[in-house]
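Below is one structure, written out as C-alpha cells; the observations come after it.
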Amino acid sequence: AGPAPSLSAGGVVSAASFQPGIVPGSYVTIFGSNLSPVAFDSWDKTIVNGKLPTSLDGVSVNIGSKPAFVYRIFPTQIDVQAPDAGTGPVPVTVTTANGTSVAVTANVAAQSPAFFLWPGSQVVATRNADGSWAVKDGTFAGTTTVAAKPGDVLLLWGTGFGPTTPPVAAGVLVPGDQIYNASPVSIKIGTADVQPIYALLSPGYAGLYQ
C-alpha cells in the first residue's frame with residue numbers, strides 16, 4: 001500500500017491549451033501526485049475493436065458520474081478523453097489501488113477549441129500535400145524542418161471543437177467510413193482572416209480534430 005492519489009488545485013485542464021475546462025470527447029490533462037503505479041503507460045496495447053479503455057494498470061478517472069477513457073498515465077500526470085458528461089461544474093477523481101483522490105471541480109463546456117502546440121508556442125501544423133511538419137527549423141534537435149509559408153495548405157491539429165455531424169460518442173476511435181464534420185469555425189493567422197477548407201474529426205483517432 002502507498003499514498004492515495006492527490007489532484008492539484010486547478011489541475012484539470014485542456015490537454016492542448018492547458019487552460020481550465022473540459023469538453024465532452026476532448027483530451028484532458030490531470031496533474032497531481034501518486035497518480036500512477038508505473039512510470040508510464042498508454043492505451044496503445046489495450047484498444048479492442050476500436051473501443052478505448054477506462055483503466056490502465058489499475059488507474060481510472062471519473063468525470064462527473066462517468067468513467068473517462070485513459071490515454072496515458074504518469075505519476076504526476078494523466079491524459080484522458082473526457083466522457084459525455086453534460087455541461088456545467090462536475091467532480092473529477094482519480095482512483096488507483098491505493099484509493100480514490102479527493103474530488104476537484106472542473107467546468108464542462110459544449111465547446112472550448114484549442115490547438116496542440118510544439119515548443120515555442122507553435123501550433124502543431126502539417127502540410128496537406130505530404131504530411132511534413134510546418135515548424136521553424138531548429139525546433140527539434142537533429143531534424144530539419146521548414147516553417148509554414150504563404151500559400152501552404154496546412155492541417156492544424158486540436159481538440160475541444162465540440163459535437164460533430166454525424167455525432168461520434170466518446171470512447172471509440174473515429175471510424176473512417178464517412179466524414180464527421182465539426183461546427184463551422186473561423187481562424188485568424190495574425191490579423192488575417194482564413195477561410196478553413198474543412199474542420200472534422202481525424203479518422204483512426206479519438207477526439208482529435210483537423
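Remark: pairs (first residue in the range 1-22, over 24 Å from G99 (Cα atoms); second residue open to solvent by 20 Å² or more (accessible area, probe 1.4 Å) and among the aromatic types (F, W, Y); Cβ separation under 7 Å; 6+ apart in sequence or on different chains) = A15/Y27; A16/Y27; A16/F115; A16/F116.
Scanning the range 151-193 for residues that are without any contact (Cβ under 8 Å) to a residue 40 or more places away in the chain, touching a Gly at 6+ places or on another chain (Cβ under 8 Å) and surrounded by 15 or more Cβ atoms within 10 Å (Cβ to Cβ) yields V174, A182.
Report, by residue number, each residue of the range 36-57 that is open to solvent by less than 90 Å² (accessible area, probe 1.4 Å), outside any loop (DSSP other than H, G, I, E, B) and under 15 Å from G207 (Cβ atoms). S42, W43 - these are the residues of the range 36-57 that are open to solvent by less than 90 Å² (accessible area, probe 1.4 Å), outside any loop (DSSP other than H, G, I, E, B) and under 15 Å from G207 (Cβ atoms). Figure legend. Inter-residue proximity from the range 26-41: first residues touching a residue at least 24 places away in the same chain (Cβ under 8 Å), second residues of a type in the set (D, E) and part of a loop (DSSP other than H, G, I, E, B), beta-carbon distance below 8 Å, spacing 6+ or different chains. Indicated pairs: S36/D57; P37/D57; V38/D57; D41/D57.
Among the residues of the range 95-121, the one identified as open to solvent by less than 50 Å² (accessible area, probe 1.4 Å), within 26 Å of P163 (Cα to Cα) and either at pLDDT below 95 or over 17 Å from the mean Cα position of the chain (by Cα) (or both) is V104. If you go through the range 135-150 and keep only what is in a strand (DSSP E or B) and either surrounded by 17 or more Cβ atoms within 10 Å (Cβ to Cβ) or touching a Gly at 6+ places or on another chain (Cβ under 9 Å) (or both), you end up with nothing. Within the range 34-70, the residues that satisfy the criterion of being in contact with a helix residue (DSSP H, G or I) (Cβ under 9 Å, 6 or more places away or on another chain) and more than 16 Å from A169 (Cβ to Cβ) are L56, V70. Residues of the range 12-35 that are surrounded by fewer than 22 Cβ atoms within 10 Å (Cβ to Cβ) and in a strand (DSSP E or B): V13, P20, T29, F31, G32, S33. Inspect the range 64-85 for any residue being closer than 30 Å to T145 by Cα, surrounded by 15 or more Cβ atoms within 10 Å (Cβ to Cβ) and hydroxyl-bearing (S, T, Y) and give the result as yes or no. Yes. Checking the structure you have, find out if any residue of the range 127-134 is part of a strand (DSSP E or B) and of a type in the set (F, W, Y). Yes, that holds for at least one residue. P196 satisfies every condition listed in (1) open to solvent by less than 40 Å² (accessible area, probe 1.4 Å); (2) in a strand (DSSP E or B) except (2). Could you run through the range 151-210 and say how many residues are at positive phi and modelled with pLDDT of 95 or more? Of the residues in that region, 5 qualify.
The values are calculated or read from the model by the stated rules, or taken from the named source; none is laboratory data. Values in this document were obtained by computation on a predicted structure and should not be read as measured data. Ideal geometry is used to build each Cβ from the backbone, glycine not excepted, and the neighbour counts take in all protein chains shown. These accessible areas exclude ligands, DNA and RNA; they are computed on the full protein's heavy atoms, side chains included. Shrake-Rupley method; radii C 1.70, N 1.55, O 1.52, S 1.80 Å.
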